[in-house]
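Undergrad: Let me begin by handing over the structure; questions about it come next.
The numbers here are math on the coordinates, done by the rules we state, and not lab data. Given the structure is predicted, the values throughout are model-derived calculations rather than measurements. Note that we place each Cβ from the backbone using ideal geometry, even for glycine, and neighbour counts take in every protein chain shown.
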Amino acid sequence: MNVVIIGCGVVGAAIAYELSQVKGLKITVFEQKQPAQGSTSAALGVLMGVISHKTKGIAWRMRQSSIQRYETLIPELEGITGRKIPCNRQGIVMLLSENLERPLESGVEVLSEWEQLREIRQSQGWELQVWDQEQLQKYCPQVSHPQIIGAVYSPQDLQLNATALTLALVDAAQRNGVNFKFGVSVTGTETPPPPPPTPLHIKKGLGEARKCNFIETTEGKVTADWFIMSAGLGSTALTAQLDQMVNIRPVLGQALYLSLGRSLGNPDFQPVITGNDVHIVPMGNGDYWVGATVEFPNHENQISASQELLDIVRQQAIAFAPDLAAAKVIRTWSGLRPRPEGRPAPVIDQLPGFTNVLLATGHYRNGVLLAPATATAIREMILPQDSRA
């Protein structure tokens, strides 16, 4: 069976590696640039799974599945490829405040809600700790903010280098026989006329299903049994060529790389600290990523980085950890995240009207977190459960 994957960010690479472990598949990945060059390159890699508010349904199941898979996936990839995937396993500390967390609720109500989530997570086999101010000062003395009432600590969530992860996935998939075509663009697709509707389609009120037989690339025509679109922002144009446009719009994020020259707080306990949607991410040697902004496009789909919003993110981080005021800005970056318009993120589904085109795109801010679960979902769409090698 021939499978074509379009796009090689972290999601496309995860799908390629997952499918490479199945016998009898011939897998080709097309990427117009190099791997991990799009949204993946702009990801801080903070995996907020256990600490998320999701408790049931597909949103929670995918988070749980991915966090579980990462426990085995990272050592697995490092063992296969010899590559190091930088990973912070000291968890995530989410700061809580009457004003920052829920403006209309008291501190007691905020802490009570998190205690309820802690109980739910315990029943699901996960650990959360709810800290009061005294405990927060004990573990994270660098945090000093008059409105902070405590924190939630998730020791099983992690942060990793998304680019290193993607390159390791590509390397491991190549070793399993996946053919990667970098610097090759998809320029068109075949859109055959739909067949007449069958009685079953009419009965169920479904549209006419058709099959995409090939795609046109800068290296020529490519046929396949399955086409998987994991091209992020590029998915909009690809689906439009098949007359079933899935609108994925860009949301820009900016972050700063700061050097303090020493560790904040306890050098032996350096978790990710997050609050009010701002992350302080330890990078070792007294360096920290701080981000990220959330900047939406205008009606013309144009978007430009705002220095003002980046300054606000930096000032918020300093408000949480005042010692960061002395840190030097080493560099900044910005990147675009793919956000589906008018529907929840991500889009993991069959393209309407086609029997052999699958979508794995529009993960917005959770591409790294949900990549393993997305890969599993795609495998289960095209293969029986028991066909994995």
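Undergrad: Enumerate the calculated ³J(HN,Hα) couplings along the range 361-371 in order (Karplus 6.51 cos²θ - 1.76 cosθ + 1.60, θ = phi - 60°), each rounded to whole Hz, writing x wherever the residue is Gly or Pro.
TA: Once θ is set to phi - 60°, the couplings for the range 361-371 become 8, x, 7, 6, 9, 10, x, 5, 4, 9, 4 Hz.
Undergrad: Please work out the Cα center distance from the range 257-314 to the range 52-100, rounded to the nearest Å.
TA: Centre-to-centre (Cα) distance: 19 Å.
Undergrad: Compute a Gaussian network model of the chain, connecting alpha carbons closer than 10 Å, and tell me which residue from GLY286, GLY150, GLY234 fluctuates the most.
TA: GLY286
Undergrad: To the nearest 10 degrees, how steep is helix 307-320 against the longest Cα principal axis of the chain, on a 0 to 90 scale?
TA: In the chain, helix 307-320 runs at an angle near 50 degrees to the longest axis.
Undergrad: I would also like to ask the following. What angle, in degrees between 0 and 90 and rounded to the nearest 10, separates the Cα long axis of helix 162-175 from the longest principal axis of the Cα atoms of the chain?
TA: Once rounded, one gets 40 degrees.
Undergrad: Quick check: net charge around PRO250, other residues with Cβ under 11 Å of its Cβ, Lys/Arg +1 and Asp/Glu -1? Display every interim value, and only then the final one.
TA: Details: positive: ARG249, ARG337, ARG339; negative: GLU295, GLU341.
Summing Lys/Arg as +1 and Asp/Glu as -1 gives +1.
Undergrad: I need the P(r) histogram for the chain: all alpha carbon pairs, bin width 10 Å from 0 out to the longest distance, whole percents.
TA: Distribution as computed: 5, 22, 30, 24, 13, 5, 1, 0 percent.
Undergrad: I've got another one for you. For the chain, what is the relative contact order in percent, using Cα pairs closer than 8 Å and at least 6 residues apart in sequence? Before the final figure, lay out each step's value.
TA: Details: 830 pairs, mean separation 98.1, N = 389.
Result for the chain is 25 percent.
Undergrad: Which of SER112, ALA172, SER123 sits farthest toward the positive end of the charge dipole of the range 58-178, with +1 on the Cβ of Lys and Arg and -1 on the Cβ of Asp and Glu?
TA: ALA172
Undergrad: Next question. Of PRO372, MET283, LEU242, whose Cα points farthest to the positive end of the dipole of the chain (charges on the beta-carbon: +1 Lys, Arg; -1 Asp, Glu; origin at the Cα centre)?
TA: Farthest towards the positive end: LEU242.
Undergrad: Continuing with this model, one more query. Roughly how tilted is helix 57-81, in degrees to the nearest 10 and between 0 and 90, from the longest Cα axis of the chain?
TA: Its long axis makes an angle of about 90 degrees.
Undergrad: Quick one: which of LYS23/LYS221; LYS33/LYS221; LYS181/LYS221 span more than 22 angstrom between C-alpha atoms?
TA: Working: LYS23/LYS221 25 Å; LYS33/LYS221 19 Å; LYS181/LYS221 13 Å.
Pairs exceeding 22 Å: LYS23/LYS221.
Undergrad: In square nanometres, what is the average projected area of the Cα convex hull of the range 243-286? Don't jump to the answer; show the numbers that get you there.
TA: Values: hull surface 20.6 nm².
It is 5.1 nm².
Undergrad: State to the nearest 20 debye the size of the charge dipole of the chain about its Cα centre, where the only charges are +1 on K and R beta carbons and -1 on D and E beta carbons. Before the final figure, lay out each step's value.
TA: Numbers: 33 positive and 35 negative charges, 213 e Å.
Dipole about the Cα centre, nearest 20: 1020 debye.
Undergrad: Could you pull out every residue, at least 5 positions away or on a different chain, whose amide H is within less than 5 Å of the one on GLN142? Hs are placed 1.01 Å off N in the peptide plane, and Pro or chain starts have none.
TA: GLY265, ASN266
Undergrad: Picking from SER39, SER154, SER306, which is most flexible by a Gaussian network model of the chain using Cα springs under 10 Å?
TA: Top of the fluctuation ranking is SER306.
Undergrad: Now, a different point. Using each residue's phi in the range 47-54, evaluate 6.51 cos²θ - 1.76 cosθ + 1.60 at θ = phi - 60° and report the 3J(HN,Hα) Karplus result to the nearest Hz, with x for Gly and Pro.
TA: 9, 8, x, 5, 7, 6, 7, 5
Undergrad: Over 10 Å intervals from 0, what percent of Cα-Cα pairs in the range 1-108 sits in each interval?
TA: Going from the shortest bin to the longest, the percentages are 11, 30, 35, 15, 7, 2.
Undergrad: Which GluC sites (Glu not before Pro) from the range 270-325 combine a DSSP loop assignment with at most 12 other Cβ atoms within 10 Å? All intermediate terms of the calculation are to be shown ahead of the outcome.
TA: Working: sites: GLU295, GLU300, GLU308; in loops: GLU300.
Here the sparse-neighbourhood loop sites are GLU300.
Undergrad: Let me ask another. Principal axis extents for the range 304-389, Cα atoms only, whole Å, descending order, please.
TA: 56, 31, 20
Undergrad: If you average over every viewing direction, what projected area does the convex hull of the Cα atoms of the range 243-389 give, in nm²?
TA: 12.5
Undergrad: Taking the range 328-370, how much of its Cα-Cα pair set, in percent, is spaced more than 13 angstrom apart? Don't jump to the answer; show the numbers that get you there.
TA: Numbers: 570 of 903 pairs.
Summing the P(r) of the range 328-370 above 13 Å gives 63 percent of all pairs.
Undergrad: Who wins for biggest fluctuation among ASN88, ASN298, ASN285 in a Gaussian network model of the chain, springs between alpha carbons below 10 Å?
TA: ASN298
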